[in-house]
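Beneath this line is the structure, given in structure tokens, with notes to follow.
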Number of protein chains: 2
Amino acid sequence: MNLSEYLVREQQRIEREMERLVPAESAAPETIHRAMRYSLFAGGKRIRPILCLAAAEAIADNSPGVETAACSLEFIHTYSLIHDDLPALDNDDYRRGKLTCHKVFGDAMAILAGDALLTLAFETLAKMDAVSAERKIRIIAELATASGTVGGMIGGQVADLEGEGKPPDAGLLESIHRAKTGALLRVSVLMGAIYAGADNGQLRAISDFGEHIGLAFQIVDDILDVEESSQALGKTAGKDAQQKKITFPAVYGLDESRRMAEQERERAHQSLAPFADRARRLSELADLIVHRKA
Amino acid sequence: MNLSEYLVREQQRIEREMERLVPAESAAPETIHRAMRYSLFAGGKRIRPILCLAAAEAIADNSPGVETAACSLEFIHTYSLIHDDLPALDNDDYRRGKLTCHKVFGDAMAILAGDALLTLAFETLAKMDAVSAERKIRIIAELATASGTVGGMIGGQVADLEGEGKPPDAGLLESIHRAKTGALLRVSVLMGAIYAGADNGQLRAISDFGEHIGLAFQIVDDILDVEESSQALGKTAGKDAQQKKITFPAVYGLDESRRMAEQERERAHQSLAPFADRARRLSELADLIVHRKA
């Protein structure tokens, strides 16, 4: 199976599982379930859940139920997009080429739908039935930390907001992005590895891999915001410069940013050495993250 | 020790523990930690955490670390207030007699501070060290369900928003409040009981108790919104009628609402029969909930 076929198969696996986990549109109160599903099923690439599945594969042949854990990552990612797009934050009208949640359902419902997806992520993990309580607790602790204020996603968003208009600074840039995007990508692979029973050495290697792809992902995101059209991205392009965000191209220039992304990709590959062939999909995903066009 | 002394002691116990659990104002990014602490330490009565402590007492003489679990309830409660007060939702400028979070820190930071407290609740529970992984998982599953969309707090908020202006209906009223306020009060005592090692029979009794005080709490809240001044409440009074909310006084009138609150108080007491003297504090808390003036 080539990578495209693998991605389609795993996307479908994730979407089937999300379908099962998220209350139906007909479940009361209907509006919030419609809002949650609208944003969840708006055509995301499911990068984070697929990283989780691929990391589990690198550790064990078969990890029944790991797709449930993987979905919680998509819930967290989607809640963060819904809240980020609100008028009070980035004020975006389009996401993945569709109207954003608050444009369709209003600000109040978008705030509550984000809260609900965040809550559902932890509910989902706590209620998994094919894995021990010990592993569930480790997974929940890692996900909560990666989503939180200290070195986690929310902390990165705050630092990013507060960095607007500040002089471009390499240290600040890396700390923002390590938290804002990197923490959730790193925890995606970590969760898959914990679920599959990785030992400490394996967890360290997987964590290193996650750090490198996390940084690579954000560098490429910043480059694409400069290079691509809004149509290709499915969201407003050029917003970083407009909002005076601290980005990799702003600090290092485009050429050096591209070189840095390549370097992170190579380091990511090196982190996978202990897994040899078992990490083939993770390795391909690192390439995909760096070479994507949207 | 009389009830007032007990409340002061337990409030202090909870506030010390929150002080330990929430990142310091000096921890980066500072703004969000200031916003989280501003709302957490704005003088709440800590009813939910104290219910959790008192429920643990009804089951076991000593439950080391139960105050950590109790704090997660205050994190959830406070996040829900911060988001509820936003202009897009209830648009309240005052809470507990102080400016609301978004009035001081802006809407963006209030949204993120709410998200962060919600996340911290689950991080805190997952990282508790004095209780088994099995009990932690049960506690997390119960709290997430009680906070979620199906019969939980968010579901109740949505139903409440959507009920505005609708004709007063007894069935809708009870389902809104059972979810909006009742679920979190019920889970407060349930979490304490699970933490302390309650058996299934004890859990059923505690859960019944929680349902009755949950309903009583909301009936009294609705009555106070009609009867008391904004100054006594520390928030805007009379907002329910102004927003055409479905409330107990609107459906049943004030006298009948008072009678219903009394009835729930009696039922709550009856639920505690199996615990005899061990449930003295729970019993007193039920009285306090019904007889409070703010």
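Label points 7 Å out from Cα along the Cβ direction at B:His269 and B:Gln243: separation in nm?
3.4 nm
Run the dipole for the range A:3-291 about the Cα centre, Lys and Arg Cβ at +1, Asp and Glu Cβ at -1, nothing else charged, and hand back the magnitude in debye, nearest 20.
Details: 33 positive and 44 negative charges, 87 e Å.
Rounded to the nearest 20 debye, it is 420 debye.
Any idea what the B:Arg259 label distances to the other copies are, label 7 Å down the Cα→Cβ vector, nm, shortest first?
8.4
Where does the charge balance sit around B:Thr31 when Lys and Arg score +1, Asp and Glu -1, over other residues with C-beta under 10 Å from its C-beta? Walk me through the intermediate numbers first.
Values: positive: B:Arg34; negative: A:Glu162, B:Glu25, B:Glu30.
In short, -2.
For each of B:Cys52, B:Cys101, count neighbouring Cβ atoms within 10 Å of the residue's Cβ, then give the residues from fewest to most. Intermediate values should be presented prior to the final figure.
On the way: B:Cys52 33, B:Cys101 28.
The most exposed by this proxy come first: B:Cys101, B:Cys52.
Could you tally the net charge around A:Thr119, taking each other residue with its Cβ under 14 Å from the Cβ of A:Thr119, Lys/Arg +1 and Asp/Glu -1? Walk me through the numbers on the way to the answer.
On the way: positive: A:Lys127; negative: A:Asp115, A:Glu123, B:Asp115, B:Glu123, B:Glu142.
It works out to a net charge of -4.
Could you compute the FRET efficiency for B:Met1 and A:Arg204, with r as their C-beta to C-beta distance and R0 at 56 Å, rounded to 0.05? If you can, show how the numbers build up before the last one.
Details: r = 51 Å, r/R0 = 0.91.
In this case the efficiency is close to 0.65.
Can you compute 3J(HN,Hα) from phi for each residue in the range A:143-157, using the Karplus curve 6.51 cos²θ - 1.76 cosθ + 1.60 with θ = phi - 60°, rounded to whole Hz and x for Gly and Pro?
5, 5, 4, 5, 9, x, 8, 9, x, x, 4, 5, x, x, 5
In the range A:113-220, what GluC sites (Glu not before Pro) fall in a loop by DSSP, with at most 15 other Cβ atoms inside 10 Å?
On the way: sites: A:Glu123, A:Glu134, A:Glu142, A:Glu162, A:Glu164, A:Glu174, A:Glu211; in loops: A:Glu164.
Sites meeting the loop and neighbour criteria: A:Glu164.
Using a 7 Å offset from Cα along the direction of the beta-carbon, what are the separations from B:Gly43 to the same position in each other copy, nm, ascending?
List, nearest first: 5.2 nm.
Cα gyration tensor of chain A, axes a ≥ b ≥ c as square roots of the eigenvalues: rounded (a/c below 1.5), prolate (a/b > b/c) or oblate?
Numbers: a/c = 1.58, a/b = 1.05, b/c = 1.51.
In terms of gyration-tensor shape, oblate.
List the distances, in nm and shortest first, from the label point of A:Gln270 to the matching label points in every other copy, placing each point 7 Å from Cα along the Cα-to-Cβ direction.
7.2
At a threshold of 8 angstrom on Cα-Cα distance, excluding pairs fewer than six apart, so keeping six or more, what relative contact order does chain A reach in percent? Intermediate values should be presented prior to the final figure.
Details: 448 pairs, mean separation 59.8, N = 294.
So the answer I get is 20 percent.
Could you derive backbone 3J(HN,Hα) for the range B:264-272 from the dihedral phi with the Karplus parameters 6.51, -1.76 and 1.60 (θ = phi - 60°), listing whole Hz in sequence and x where the residue is Gly or Pro?
Using θ = phi - 60°, the values come out as 5, 4, 5, 5, 4, 4, 4, 4, 8 Hz.
Under 14 Å from the Cβ of A:His212, count the other residues' Cβ atoms, weight Lys and Arg +1, Asp and Glu -1, and hand me the total. Write down the numbers at each step before the final one.
Working: positive: A:Arg178, A:Arg186, A:Arg204, A:Arg265, A:Arg267; negative: A:Glu174, A:Asp208, A:Glu211, A:Glu262, A:Glu264, A:Glu266, A:Asp287.
Spelling it out: positives minus negatives among the neighbours equals -2.
Ignore the peptide's own chain and count Cβ atoms of other chains within 10 Å of each Cβ in A:30-36; give me the average, rounded.
Counting other chains' Cβ atoms within 10 Å and averaging over A:30-36 gives 3.
Quick one: compute the contact order of the range A:63-181, relative version, from alpha carbon pairs under 8 angstrom and 6+ residues apart, as a percent. It would help to have the intermediate numbers written out before the result.
Details: 109 pairs, mean separation 26.9, N = 119.
Once normalised by length, the contact order is 23 percent.
Sorting A:Met1, B:Met128 on the 10 Å Cβ count, fewest up front, what's the list? Walk me through the numbers on the way to the answer.
Details: A:Met1 9, B:Met128 20.
Ordered from fewest to most neighbouring Cβ atoms within 10 Å, A:Met1, B:Met128 come out as A:Met1, B:Met128.
Within 10 Å, at most 16 other Cβ atoms, and a DSSP state outside H, G, I, E, B define an exposed site. Report the longest part of chain B free of exposed trypsin sites (Lys or Arg not before Pro).
Details: sites that count: B:Lys45, B:Arg96, B:Lys127, B:Lys244, B:Arg292, B:Lys293.
The reported range is B:128-243.
Give me a single rounded figure for B:133-146: the average over its residues of other chain Cβ atoms within 10 Å of their Cβ.
Working: counts 7, 5, 1, 7, 10, 2, 1, 9, 8, 2, 4, 11, 5, 2.
For peptide B:133-146, the averaged partner shielding equals 5.
What does a probe at A:Glu25 reach in the range A:33-59, counting residues whose amide N is under 15 Å from the point 7 Å along Cα→Cβ?
The answer is A:33-43.
Across the range A:3-291, how many lysine pairs, 8 or more apart or on two chains, come within less than 14 Å at their alpha-carbon atoms?
On the way: A:Lys98/A:Lys235; A:Lys103/A:Lys235; A:Lys127/A:Lys136; A:Lys166/A:Lys244; A:Lys166/A:Lys245; A:Lys180/A:Lys245.
Within the range A:3-291, the lysine pair count is 6.
Is there a simple number for the mean count of other chain Cβ atoms within 10 Å of the Cβ of residues in B:150-157, and what is it? Could you put the intermediate results ahead of the total?
Numbers: counts 9, 1, 3, 3, 9, 8, 1, 7.
Averaged over the peptide's residues, the number is 5.
Let me see the P(r) profile for the range A:1-87: every Cα-Cα distance counted, bins of 5 Å, each bin given as a percent of all pairs.
3, 13, 23, 23, 17, 11, 6, 3, 1, 0
Where a number appears in this text, it was derived from the coordinates with a stated rule and is not lab data. What you see is a predicted model, and the numbers here were worked out from it, not measured in a lab. Note that each Cβ is placed from the backbone with ideal geometry, even for glycine, and that neighbours are counted across all protein chains shown.
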